[in-house]
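The values are calculated or read from the model by the stated rules, or taken from the named source; none is laboratory data. Computed from a prediction, not measured in an experiment: that's the story for all the values here. Note: ideal-geometry Cβ built from the backbone for every residue, glycine included; neighbour counts use all protein chains shown. SASA here: full protein model, heavy atoms, side chains in, ligands and nucleic acids out. Shrake-Rupley method; radii C 1.70, N 1.55, O 1.52, S 1.80 Å.
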Amino acid sequence: MSQLTPETASGLIASLAAIVGASHVLTGDDLASYEQDWRGRAKGKALCVVRPGTTAEVAGVVRACAAARVSIVPQGGNTGLVAGSVPDASGGQVVLSLRRMAAVRAVDPQNMTITVEAGFVLQALQETADEAGFLFPLSLGAEGSCTIGGNL
């Protein structure tokens, strides 16, 4: 990816705000918890954090970042042990937080399936499955904060 000029960075941030809403583009001091893993061992620096709420918004964010030649670091619950959801130290990557995408799309008892969005928390899926008379057997120490997108 190319080096960002201040003008390109501010233009990208404005474009992202137009896509997801200004309140869902975080910069400055709001980035701290997104720039490190949950253990505090891996730390990076992001240009911003974008929190889309729909797949259409995700697509718009990806298009805007691709046009600006800025890499994206996807992040769900940020509970992984390999620091894959932590931006590098460049300050030029966009963290794409999927936590707002946390809806149940469908419960299909006939096919015994549940469709949820990527930001849906594992424990909530276990509870949703239980309410539908199903068992979702995946159990992790981080089940109260890890998301299905990361589990997959």
Query raised in the report: In segment 41-50, how many are open to solvent by less than 30 Å² (accessible area, probe 1.4 Å) and assigned to a loop (DSSP other than H, G, I, E, B)?
Result: 2
Query - Subset of segment 64-79 [in contact (Cβ under 8 Å) with a residue 60 or more places away in the chain, open to solvent by 40 Å² or more (accessible area, probe 1.4 Å) and closer than 24 Å to V116 by Cα] - result: P74
Requested in this report: Examine segment 19-27 for a residue that is touching a residue at least 60 places away in the same chain (Cβ under 8 Å) and within 13 Å of the chain's Cα centre (by Cα), and state whether such a residue exists.
Outcome: yes
Report task. Please specify each residue of segment 128-152 satisfying the condition of being in a helix (DSSP H, G or I), surrounded by 12 or more Cβ atoms within 10 Å (Cβ to Cβ) and free of Cβ contacts under 8 Å to residues at least 24 places away in the same chain. Result -> A129
Report task. Could you look through segment 51-63, keep only residues that are open to solvent by less than 20 Å² (accessible area, probe 1.4 Å) and more than 16 Å from A102 (Cβ to Cβ), and pick out the one that is farthest from the chain's Cα centre (by Cα)? Result -> G60
Query raised in the report: Can you name the number of the only condition in (1) modelled with pLDDT under 95; (2) open to solvent by 20 Å² or more (accessible area, probe 1.4 Å); (3) more than 20 Å from A102 (Cβ to Cβ) that A9 fails?
Result: (2)
Report summary line: Across segment 98-152, the tally of residues that are of a type in the set (F, W, Y) and over 30 Å from V25 (Cβ atoms) stands at 2
Requested in this report: Inspect all residues belonging to segment 14-35 and state whether any of them is aromatic (F, W, Y), touching a Ser or Thr at 6+ places or on another chain (Cβ under 6 Å) and surrounded by 14 or more Cβ atoms within 10 Å (Cβ to Cβ).
Outcome: no
Report task. Within segment 15-43, track down each residue that is modelled with pLDDT of 95 or more, in contact with a strand residue (DSSP E or B) (Cβ under 8 Å, 6 or more places away or on another chain) and small (G, A, S). Result -> A17
**Report entry** So G91, is it within 23 Å of R41 (Cα to Cα) and free of Cβ contacts under 8 Å to residues at least 12 places away in the same chain
**Finding:** no
Requested in this report: Look at L96 and say whether it is closer than 17 Å to N151 by Cα and buried (at least 20 other Cβ atoms within 10 Å of the Cβ).
Outcome: yes
Report task. Name the one entry in I114, I13 that is under 30 Å from L135 (Cα atoms), touching a residue at least 12 places away in the same chain (Cβ under 8 Å) and of a type in the set (A, V, I, L, M). Result -> I114
